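J.: Sharing a structure, written as structure tokens. Questions coming.
Read the figures in this text as sums done on the coordinates, not as results from a lab. Everything numeric here is computed off the predicted structure, so don't read it as measured data. Ideal geometry is used to build each Cβ from the backbone, glycine not excepted, and the neighbour counts take in all protein chains shown.
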């Protein structure tokens with residue numbers, strides 16, 4: 001995570017002529033990827049011109065400092081051909097590396113052959129890289145279809161932990177917002193850059209994949225680096241205070257990166273599992289709760305985010321501190337207590353969620369909430385027990401509706417000359 | 001539009017104590033609004049800390065330099081009581097002035113009485129004003145219901161021009177995304193600030209109004225000031241090049257601000273009409289069109305935005321320049337020609353639209369397009385003929401679906417001691 005500036009190629013600079021574009025494509029194929037392959041998340045900072053290297057030991061977009069905006073898309077694979085699927089992953093790799101560098105997708109840019117559709121759709125031409133990261137994942141249904149059939153000769157490599165999540169009490173999942181064979185998480189500090197990336201990758205997949213569902217998020221709800229301040233969710237509370245952060249390398253190995261304990265999943269070592277949950281908040285009901293109740297439900301103050309047992313935002317909560325009426329200060333059903341690692345064998349998640357508003361609902365309120373994303377080493381130990389505990393005894397759950405759900409295996413980073421997920425198909 | 005800095009009150013600074021909050025509320029009631037009432041769109045610039053004065057001769061959010069993000073909401077009025085409606089407008093005025101200044105809504109802030117719900121929902125507490133503007137409008141149905149009944153004693157003040165827009169060829173309008181008694185346009189450079197504002201105004205209206213529909217936009221598609229660069233729409237083309245801009249004061253009087261020609265609408269002088277149209281783009285089909293065809297449909301180059309007749313982005317198109325096959329270089333069905341003021345009696349609009357993506361559609365593509373907003377002096381002369389011409393002969397229409405539509409009268413600015421729309425109810 002060393003911050004090592006490099007020259008920023010702006011898309012605007014490429015508008016001048018096709019020769020410059022061809023030059024970039026050539027550099028991609030030979031020079032640049034090799035030069036940066038060992039540097040992990042090489043960063044050129046400077047506001048919107050921030051760029052993150054696409055290749056490295058881990059995929060970018062996990063421990064990368066959480067960008068402000070999200071476009072997440074899940075895809076169904078339409079083809080039965082493994083070769084066609086691998087070909088798409090190769091083309092996605094090329095385009096992802098170009099776009100995360102702030103370049104247009106493809107080689108025929110906007111002033112190319114007028115007889116052909118432009119390779120790039122154009123809406124980000126004047127915009128810098130904006131910290132774009134693209135993170136790819138594989139869903140359980142890619143390995144076996146609903147009837148259990150091996151779709152692409154991958155069934156014997158399906159990790160034990162990559163199974164559909166169980167039904168949780170309170171789930172009212174919309175199938176049209178759940179599941180998916182593939183996923184792409186696009187994060188950027190400019191939403192137009194994130195949208196552009198998903199659109200161009202979907203376009204490259206035309207005929208091979210189709211978008212199953214997609215979700216925009218407008219505000220990050222987590223910090224993935226100690227350099228970031230803690231944002232607020234739509235309950236108005238700081239969220240992600242106790243998140244696993246990029247600087248905690250030992251915790252990342254323990255809680256986020258997949259190890260070598262599953263012989264079927266050697267290809268996933270150094271990757272992670274991505275849990276996505278679309279969580280609607282009944283915000284109009286929440287907003288009518290007294291401040292004291294809101295804080296009791298969360299277990300923290302609304303202003304500073306400090307635990308109700310005292311201190312500052314980053315202080316550890318004291319769950320034993322006695323309050324009034326023989327109850328602890330932090331209630332037994334307070335969110336911060338129910339999900340705390342101490343009651344889950346020390347399990348922590350790297351959360352990377354976003355606030356969303358998708359218009360209005362039938363009740364004259366906002367269709368709004370949290371698009372929860374978490375990266376974990378094993379969903380069976382690091383997510384399912386926590387979600388079950390929430391469903392059972394978390395005071396917040398009364399104000400939540402779980403409307404979408406998906407699980408993906410996120411392969412490790414893309415090495416020099418490799419394509420996304422190459423270790424799975426090798 | 002003079003840029004006159006003033007002290008920026010951050011919401012964060014208000015967290016310290018209730019006394020400070022009460023002080024701000026006092027200043028609102030007595031001092032600050034008066035001090036700034038004559039200054040129009042007083043601006044304190046500086047990135048996210050930009051603030052625009054809420055009070056002035058015109059409402060902010062029209063000629064204000066178009067901010068990056070939008071949350072637009074239309075409301076149904078639930079009450080039959082004119083007094084209750086006016087009371088809401090008074091409370092909206094108070095909260096709007098607070099939030100556009102970067103302050104929380106209401107007086108009991110986050111560290112207020114724990115026995116009461118907080119006045120402010122909290123998710124923007126750590127965020128600066130972010131250039132927030134809030135612009136209010138009144139729909140035709142506020143004056144008369146579907147049966148023609150006078151709802152609030154306002155029927156004799158309904159402007160002639162404030163009628164439901166006609167059905168246009170190609171309209172496939174969703175009633176749940178159309179119309180509305182009231183509207184609020186929230187624009188800001190941080191989407192969380194825009195969402196927070198709409199949410200808190202909706203909350204203040206609980207029981208009196210309900211959200212009929214709402215729309216987020218992630219990327220501006222227009223420039224309303226010569227200081228801004230031209231952004232791109234989801235066709236990948238620069239949009240809004242020939243927009244009416246804040247610096248064109250004579251053009252604003254001619255095309256945007258309502259004059260005194262309608263005796264029923266004296267209350268609207270200095271206001272405007274807001275036309276909202278949700279325009280889905282069939283972007284997957286568009287993306288398969290050759291570059292030359294895309295440019296022919298628009299009448300401009302995709303790279304620089306110059307007219308196909310030559311020059312630079314800001315050059316006037318030459319519609320008479322001959323091309324090949326006895327056709328003009330700019331085709332007869334090119335968008336730039338069909339909507340050009342020269343063929344509409346010189347009528348121009350002040351456009352203020354935003355790109356949107358609302359997840360995916362049933363075809364495995366993106367539910368995406370342009371949320372078109374235009375401010376005009378008279379929709380009958382400045383919008384309807386242009387839309388009819390587009391429906392009839394614009395090559396772009398093949399790639400558009402009009403899925404939502406609404407018209408609102410936007411009253412003039414709010415003077416000292418006044419509430420939003422006071423001239424209508426006086």
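J.: Under 1.5 on a/c is rounded, so check that first for the protein assembly as shown, then, if it is not, pick prolate when a/b is larger than b/c and oblate when it is not; a ≥ b ≥ c are the square roots of the alpha carbon gyration tensor eigenvalues.
T.: In terms of gyration-tensor shape, oblate.
J.: Counting only other chains, and only Cβ atoms inside 10 Å, what mean value do you get across the residues of A:229-238?
T.: Across A:229-238, the average partner-chain Cβ count within 10 Å equals 5.
J.: If a/c stays under 1.5 just call it rounded; otherwise compare a/b with b/c (prolate if a/b is bigger, oblate if not). Do that for region B:133-194, with a ≥ b ≥ c from the square roots of the Cα gyration tensor eigenvalues.
T.: It is oblate, given that a/c is not under 1.5 and a/b is not larger than b/c.
J.: Turning to a different aspect of this structure: List A:232, B:115, B:264 from most exposed to least, where exposure is judged by having the fewest other Cβ atoms within 10 Å.
T.: Taking fewest neighbouring Cβ atoms as first place, the list is B:115, B:264, A:232.
J.: Next question, about the same structure. Quickly estimate the mean residue ellipticity at 222 nm for chain B, helices only: each DSSP H run with n ≥ 4 gives -39500 (n - 2.57), and the total goes over all residues, rounded to 500.
T.: -5500 deg cm²/dmol
J.: Between residue A:253 and the same site in the other copies, what are the distances in nm, shortest first, taking label points 7 Å from Cα along the C-beta direction?
T.: 7.4
J.: I'd like the orientation of helix B:82-100 relative to chain B: the angle between its Cα long axis and the longest Cα principal axis, in ° from 0 to 90, rounded to 10.
T.: In chain B, helix B:82-100 runs at an angle near 80 degrees to the longest axis.
J.: Sort B:349, A:390 by Cβ crowding within 10 Å, fewest neighbours at the top.
T.: Final ranking by Cβ density, sparse to dense: A:390, B:349.
J.: Which FRET efficiency value, to the nearest 0.05, do you get for residue B:253 and residue A:361 by plugging their Cβ-Cβ distance into 1/(1 + (r/R0)^6) with R0 = 45 Å?
T.: 0.65
J.: What list do you get for B:203, B:212 if you sort them by fewest beta carbons within 10 Å?
T.: Least crowded to most crowded, the residues run B:203, B:212.
J.: Could you work out how far apart the two model spin labels at residue A:126 and residue A:84 are, taking each label as a point 7 Å from the Cα in the direction of the beta carbon, and quote it in nm?
T.: Label-label distance for residue A:126 and residue A:84, simple model: 3.9 nm.
J.: May I ask you to report, in nm to one decimal and beginning with the shortest, the distances from residue A:227 to the same position in the other copies, taking label points 7 Å along Cα-to-Cβ?
T.: Label-point distances to the other copies, shortest first: 3.0 nm.
J.: While we're on this one: Can you give the mean number of other chain Cβ atoms that lie within 10 Å of the Cβ atoms in peptide A:359-367?
T.: 6
J.: Now for a separate question. Can you order the peptides B:329-336, A:310-317 by their average number of other Cβ atoms within 10 Å per residue, highest first?
T.: Highest-to-lowest ranking by the protection proxy: B:329-336, A:310-317.
J.: Ordered shortest first, which distances in nm separate the 7 Å Cα→C-beta label point of residue B:292 from those of the other copies?
T.: Values, ascending and in nm: 7.6.
J.: Rounded, prolate or oblate, given the Cα gyration tensor of region B:283-360, with a/c below 1.5 counting as rounded?
T.: In terms of gyration-tensor shape, oblate.
J.: Ok, one more. By DSSP, what percent of the beta bridges with both residues in region B:60-426 are antiparallel, rounded to the nearest 5?
T.: Here the share of antiparallel DSSP bridges comes out near 95 percent.
J.: Relative to the longest principal axis of the C-alpha atoms of chain B, give the angle of the C-alpha long axis of helix B:384-393, reported between 0 and 90° and rounded to the nearest 10°.
T.: For B:384-393 against chain B, the angle is about 40 degrees.
J.: Continuing with this model, one more query. Averaged over peptide B:72-78, how many Cβ atoms belonging to another chain are found within 10 Å of each residue's Cβ?
T.: Average per residue, whole number: 1.
J.: Among DSSP bridges having both ends in the protein assembly as shown, what percentage is antiparallel? Round to the nearest 5.
T.: 95
J.: Further question on the same structure: Compute the angle between helix B:18-27 and the longest alpha-carbon principal axis of chain B, please, reported from 0 to 90 degrees and rounded to the nearest 10.
T.: Helix B:18-27 sits at roughly 70 degrees to that axis.
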